[in-house]
Amino acid sequence: MINFLLWIIVGAVIGWVASLIMKTNSRQGLLADIIVGIVGAFLAGIFLSPLFGIGTINEGDFSIPALLVSLGGAVILLAISKLFRNVGGFLAIVVIVLLVFVYFNCWVMESNSAFCASVRLLPFLQ
């Protein structure tokens with residue numbers, strides 16, 4: 001339980017610092033800061049952690065390098081969201097993230113799940 005509360009607090013701080021860096025602090029509140037911090041750490045876990053070999057706060061790593069990688073992911077998330085401010089842009093981001101997720105889980109990691117097997121059978125992917 002303490003780890004969960006620490007994760008929420010650190011996610012809020014990372015989201016707040018990222019919003020200060022990207023100058024979006026006046027438009028978002030505490031809940032948005034928490035979401036940006038946690039989702040940014042998730043994105044950092046996908047894209048930045050393999051590059052640097054460092055975990056993120058989502059993996060329970062609260063070291064300085066992990067905090068910086070999570071902050072980098074939150075800044076990337078805010079930069080992407082600044083590009084797409086309307087609902088269509090948000091949906092485009094969601095679709096892109098889902099496609100990246102499917103790619104990494106079904107091809108790079110070669111998962112044998114039923115979902116990945118059905119995705120590989122899609123006619124436009126043959």
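Read the figures in this text as sums done on the coordinates, not as results from a lab. Only a predicted model underlies this, so the values are computations on that prediction, with no experimental measurement involved. Quick reminder, even Gly has a Cβ in these numbers, built from the backbone with ideal geometry, and neighbours come from all protein chains shown.
Among ALA66, ALA32, ALA44, the largest mean-square fluctuation in a Gaussian network model of the chain, built with springs joining Cα atoms closer than 10 Å, belongs to ALA32. Take every Cα pair under 8 Å whose residues are at least 6 apart in sequence, average their separation, divide by the length of the chain, and the relative contact order is 21 percent.
The convex hull defined by the C-alpha atoms of the chain has an orientation-averaged projected area of 9.4 nm². Sorted on the mean count of surrounding Cβ atoms within 10 Å across their residues, most packed first, peptides 5-12, 98-105, 68-75, 51-58 read 68-75, 51-58, 5-12, 98-105.
Hey, what angle do you get for helix 64-83 against the long axis of the chain, alpha-carbon based, 0 to 90 degrees rounded to 10? Roughly 70 degrees, rounded to the nearest 10.
Taking the longest Cα principal axis of the chain as reference, the axis of helix 87-103 is set at about 60 degrees. Label zone (ALA79, point 7 Å along Cα-to-C-beta; backbone nitrogen cut-off 20 Å) within the stretch 2-22: 14-22.
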